[in-house]
Amino acid sequence: MIRSTLLKLSESKSFARWVTSNNTTRRMSHRFVAGEALDEAIAAARECNDQRMLVSLDYLGENVSTTEDAQRARDAFLEVFDRIAAERLDANVSCKLTQLGLDVSVEFCEGQLLSIVERARSYSNFLRVDMEGSVYTARTIDVVKRVRSQNPAVGTVIQAYLYRSEQDVQDLLAYGCRIRLCKGAYKEPPEVAFPRKRDVDANFVKLMRMLLPSGFYHGIATHDPRMIAATIRCAAEKKVSKQDFEFQMLYGVRTDLQQQLVRDGFRVRIYIPYGQDWFPYFMRRLAERPANLAFFARNFFR
Ligand SMILES: Cc1cc2nc3c(=O)[nH]c(=O)nc-3n(C[C@H](O)[C@H](O)[C@H](O)COP(=O)(O)OP(=O)(O)OC[C@H]3O[C@@H](n4cnc5c(N)ncnc54)[C@H](O)[C@@H]3O)c2cc1C
């Protein structure tokens, strides 16, 4: 129930305004968000690289409703690729299609995505399209497939909680698409997603076992030690080298585990979000772990 309430609240514009204008909550957001400015994200990325971790920079934003806002987001992404190259960081970039205008028009959004992917490719870099709520899944996959047929420097994300994901994995692998596998972070009805955690976990393992031996380079995005152990076992069993896939984790979550995996010789990529529009992202992080809410409430009232 706490998870549902937090995910519902993550869509509230008035609550977002209150939280993002409050100095205490802004400070607290630093637990999961590198900062509001690109410079802060670059500094966090440098720190990760120094600790032998790869990075994916995410300029936060979603569900924009005007072409102007979507174009501003596109320009910000172009700038991120320029900065990564100028700073010689080992980092790629993640974005959301509703940030690039998917709610405005699919064609417009696709054009925007293509221009960012072209910039990524000009630096031999890569853009990952995050997966949002299930109303966007089919459109996201279609746009990524079309853009990928023109330029391969783009991949996307599959959520293990969706019933449709096994079919999507088969479909995307036929296109040679690089996939990030995660459990899924949105509020979904039982008609489209497994309601029970153990079924989500079982599907995660099933999909991971399809991805790992596929011959393409994928990201296994989880902090769950059982999912990580299953991945390591599968890689050993299928003789997939540690260089041929990566673990991905979120900035500020299970840093102990991140470092342990690096020490064990695995490739680990840290997803570093930044920007002013951090509220929905922050709320999804709270929803994932109710203990976070108690921690933030204690700090807020202190
Ligand atoms: C790199 C990356 C990219 C992602 N991209 C997407 C995406 O595009 N679309 C999407 O829907 N979801 C995305 N997610 C979120 C994902 O779907 C899950 O909601 C999230 O990762 C929690 O699932 P878990 O696999 O860690 O397992 P869980 O079973 O949720 O958690 C396992 C353990 O991890 C720790 N943990 C997990 N989350 C937190 C947290 N917020 N705070 C503190 N500890 C935590 C706890 O110790 C917990 O017991 C992404 C996650 C990662 C790591």
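The values are calculated or read from the model by the stated rules, or taken from the named source; none is laboratory data. Quick caveat, the model's predicted, so the values are computed rather than measured. Neighbour counts are summed over all protein chains in view; Cβ atoms, including those assigned to glycine, are modelled from backbone coordinates with ideal geometry.
When segment 125-138 is filtered for residues that are in a helix (DSSP H, G or I), under 17 Å from the mean Cα position of the chain (by Cα) and not polar (S, T, N, Q), only Y136 remains.
What about G275, is it more than 8 Å from the ligand (Cβ to nearest atom) and in contact (Cβ under 8 Å) with a residue 12 or more places away in the chain? So G275 fits the description; yes. Within segment 16-30, restricting attention to residues that are closer than 21 Å to A291 by Cβ and in contact with a Phe, Trp or Tyr (Cβ under 8 Å, 6 or more places away or on another chain), the residue that is farthest from the ligand (Cβ to nearest atom) is T24. Among the residues of segment 280-295, are any part of a helix (DSSP H, G or I), within 22 Å of A44 (Cα to Cα), within 15 Å of the ligand (Cβ to nearest atom) and aromatic (F, W, Y)? So far as segment 280-295 goes, yes, one or more of its residues are part of a helix (DSSP H, G or I), within 22 Å of A44 (Cα to Cα), within 15 Å of the ligand (Cβ to nearest atom) and aromatic (F, W, Y). All of M227, M210 fail the test of being assigned to a helix (DSSP H, G or I), more than 10 Å from the ligand (Cβ to nearest atom) and farther than 23 Å from E36 by Cβ, apart from M210. Just to verify a result, which residue in segment 121-153, among those that are in contact with a Phe, Trp or Tyr (Cβ under 7 Å, 6 or more places away or on another chain) and farther than 14 Å from A193 by Cα, is farthest from the ligand (Cβ to nearest atom)? Only one residue tops the list, namely Y123. Please work out if A91 is without any contact (Cβ under 8 Å) to a residue 40 or more places away in the chain, in contact with a strand residue (DSSP E or B) (Cβ under 9 Å, 6 or more places away or on another chain), of a type in the set (G, A, S) and under 30 Å from R263 (Cα atoms). When the stated conditions are applied, A91 does not pass them. Would you pick out the residues in segment 32-46 that are charged (D, E, K, R) and under 12 Å from A91 (Cβ atoms)? Hit for segment 32-46 is R46, nothing else. Report yes if L102 is crowded, with 21+ Cβ neighbours inside 10 Å, within 16 Å of the ligand (Cβ to nearest atom) and not in a helix (DSSP H, G or I), otherwise no. Considered against the rule, which asks whether it is crowded, with 21+ Cβ neighbours inside 10 Å, within 16 Å of the ligand (Cβ to nearest atom) and not in a helix (DSSP H, G or I), L102 comes out as yes. When each of V240, V253 is tested for being without any contact (Cβ under 8 Å) to a residue 40 or more places away in the chain and either of a type in the set (F, W, Y) or in a loop (DSSP other than H, G, I, E, B) (or both), the lone residue that passes is V240. Listed conditions (1) surrounded by 14 or more Cβ atoms within 10 Å (Cβ to Cβ); (2) out of contact with any Leu (no Cβ under 7 Å at 6 or more places or on another chain) are all met by A45, apart from (2). Would it be correct to say that V117 is more than 13 Å from the ligand (Cβ to nearest atom), closer than 23 Å to A73 by Cα and crowded, with 21+ Cβ neighbours inside 10 Å? Spelling it out, V117 is indeed more than 13 Å from the ligand (Cβ to nearest atom), closer than 23 Å to A73 by Cα and crowded, with 21+ Cβ neighbours inside 10 Å. Restricted to segment 120-146, and to residues there that are under 16 Å from A91 (Cα atoms) and among the aromatic types (F, W, Y), the residue that is surrounded by the most Cβ atoms within 10 Å (Cβ to Cβ) is F126.
Quick one: would you say N92 is within 16 Å of the chain's Cα centre (by Cα) and assigned to a loop (DSSP other than H, G, I, E, B)? Answer is no for this residue.
Counting only helices (runs of 4 or more DSSP H) that fall entirely inside segment 1-84 and contain at least 1 residues that are in contact with a helix residue (DSSP H, G or I) (Cβ under 8 Å, 6 or more places away or on another chain) and among the basic types (K, R), the qualifying elements are 2-9, 23-28.
Conditions tested, residue by residue: (1) of a type in the set (A, V, I, L, M); (2) out of contact with any Ser or Thr (no Cβ under 8 Å at 6 or more places or on another chain); (3) buried (at least 18 other Cβ atoms within 10 Å of the Cβ); (4) free of Cβ contacts under 8 Å to residues at least 60 places away in the same chain.
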residue	(1), (2), (3), (4)
L9	yes, yes, no, no
S21	no, yes, no, yes
D39	no, yes, no, yes
F77	no, yes, yes, yes
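Only one entry in F247, F266 is modelled with pLDDT of 95 or more, surrounded by 20 or more Cβ atoms within 10 Å (Cβ to Cβ) and not small (G, A, S), namely F247.
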